[in-house]
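Read through the structure below, which is laid out as structure tokens, and then see the notes.
The values are calculated or read from the model by the stated rules, or taken from the named source; none is laboratory data. Bear in mind that the values here come from a model prediction, so they are computed numbers and not experimental data. Heads up, the Cβs are rebuilt from the backbone with ideal geometry, glycines too, and the neighbour counts pull from every protein chain shown.
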Amino acid sequence: MIGALMDDFLIRAALAGLGVALAAAPLGCFVVWRRMAYFGDATAHASILGIALALGFGMSVFAGALVVALAMAMAVSTLSGRGVAMDTLLGVLAHSALAFGLVAVSFLQGVRIDLMGYLFGDILAVSKTDLAVIWGGAVLVVALLAWRWQALLTATLSSDLAQASGIDPRREQLGLTLALAVVVAVAIKVVGVLLIAAMLIIPAAAARPLAGTPERMAAVAVGLAALAALAGVEGSFVLDTPTGPTIVCVAAAIFALTSSLAALRRTVARR
Amino acid sequence: MSLVETRGLTVRIGRNRILDHVDFAIEKGEIVTIVGPNGSGKSTLLRALIGAVAPSEGEVTRAPGLRIGYVPQRLHIDPTLPMTVGRFLSLPRRQSAVDLRMALEAAGLPDLGGRQMGDLSGGQFQRVLLARALMEKPDLLILDEATQGLDQPGSAAFYRRIEEVRQEMGCAVLMVSHELHVVMSASDRVVCLNGHVCCEGQPEHVAQAEEYRALFGSGTQGALALYRHDHDHEHAGCVGGHDHAHDGCGHGHDQEHQYGATR
């Protein structure tokens, strides 16, 4: 029964979308709280370079993306502690990583046609193996976040508060960096390199007006991301539109809705 | 053994030497106030004590298993991070509902558990920061200019609360102030810092030697007292073997004196 269901490419696509939503949404909350949006972008964009290298050396695309995303995330994480002008540096790194990746891909024979798939995702072509990798990565990330939740929150509030309580904020930052690289690697198939940061940030931002505590914000973000994934897969099938961008469009619409509701509520409260 | 001790602590940040061979220790149950002008390294010393700043030279020794309650100078909570008062008190360790209620009552904020941190007044916010620091029953409470941004009645009330806390919990308290004229009368020791330890001693001695009366009088029930340096004084109130001349101290007291004179 389940085996038969899994043979349906739409079901596989939906499951892949849900897997990414599950991991990206709570991690995205930390990305938003810690103002790491550009950091996510740089990491995601760097992964195209990893894809090019993986294809060139005949390795798994997932492994290549993971390694390069991790290297980029670590580099940025290390530099961030040194008082470099961060937004400029991240802007330089994010776009040059993407450009180098695109140039590297162009050197490879026969993969030019697949480029769109890596840039914007190819969720309808998700195999059972891909699905296992996506869910494996998602469970890993969620488990890490759940395990370190209290320490991560404390370090996010203030590294000094964390330090005084015996929490090493650099260690927690490293955990987030690892999680980010994993999410980037598993999300490539679903939304593509260009739109991974959207899956991190938009559900979290959309959940903000609906939440009074960090836990609630993470939970609501997962729900909204799952909704966007399912509606996006369905919508792209009906409208014959690219799936990754459609998912992000739905997420953006949800964000617009919750933000307007919050603005409306504030206006009413003021009267 | 001291709760925390530094020996020859030197901290350089970039090319600047923020702390220069600071020897400092605080004992169980002691209240110590660190005073000094802006940029004298007070916050850096505290951050070195909690381990947030690595010594460039010298060492910092913390008693094994030491629990520190830290109240930062200020805490910015990003507006994207929803945080109720109750949730904040449960960081970094989850607290039971009973403990939370008791902590809120002790802080004088019984009904604010569900309030967002961003919606608190300055005084309420400081009391919540203090309440959080006390949740783990610390051996050492560290306050970094905790009354900055509070008005005089507000900071007087805050200092009274600190005294209560010390009496109830018996923890050591280490406070920092850049206001030389404001130190707790209950301080066991006052340390004057300006990159290095200029001078330290009992506040009573200092106050007597300096012939200055309490600045804030009975309105604060004695929680605030005047402690004032003269430029030409002999450090009569200071104890310890400070045989070096204080010429190099350069406290820049003009501002504080002016402040005192306008009262």
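Test A:LEU194 against the criterion of being at pLDDT below 90, surrounded by fewer than 23 Cβ atoms within 10 Å (Cβ to Cβ) and away from chain B (no Cβ under 14 Å), and give yes or no. Yes; evaluated as a whole, the condition is true for this residue.
Which residues, taken from segment B:121-151, are more than 14 Å from chain A (Cβ to nearest Cβ) and either over 15 Å from the mean Cα position of the chain (by Cα) or of a type outside the set (S, T, N, Q) (or both)? The answer is B:SER121, B:GLY122, B:GLY123, B:GLN124, B:ARG127, B:GLY149, B:LEU150, B:ASP151. Within segment B:23-57, the set of residues being within 11 Å of chain A (Cβ to nearest Cβ) and not in a loop (DSSP other than H, G, I, E, B) comprises B:SER43, B:LEU46, B:ARG47, B:ALA48, B:LEU49, B:ILE50. Taken together, A:LEU115, A:LEU93 contain a single residue that is away from every other protein chain (no Cβ under 14 Å), over 30 Å from B:ALA63 (Cβ atoms), free of Cβ contacts under 8 Å to residues at least 24 places away in the same chain and buried (at least 16 other Cβ atoms within 10 Å of the Cβ), which is A:LEU115. Of the residues making up segment B:58-113, just one is away from chain A (no Cβ under 13 Å) and among the basic types (Lys, Arg), namely B:ARG101.
Evaluate the following for A:ALA71: is it in contact with a helix residue (DSSP H, G or I) (Cβ under 9 Å, 6 or more places away or on another chain) and either modelled with pLDDT under 85 or not polar (S, T, N, Q) (or both)? The answer is yes for A:ALA71. Entry remark, segment A:118-149: residues being assigned to a helix (DSSP H, G or I) and touching a Ser or Thr at 6+ places or on another chain (Cβ under 8 Å) number 2 in total.
Considering (1) touching a residue at least 60 places away in the same chain (Cβ under 8 Å); (2) surrounded by 21 or more Cβ atoms within 10 Å (Cβ to Cβ); (3) more than 19 Å from A:TRP135 (Cα to Cα), the lone condition that A:VAL248 does not fulfil carries the number (1).
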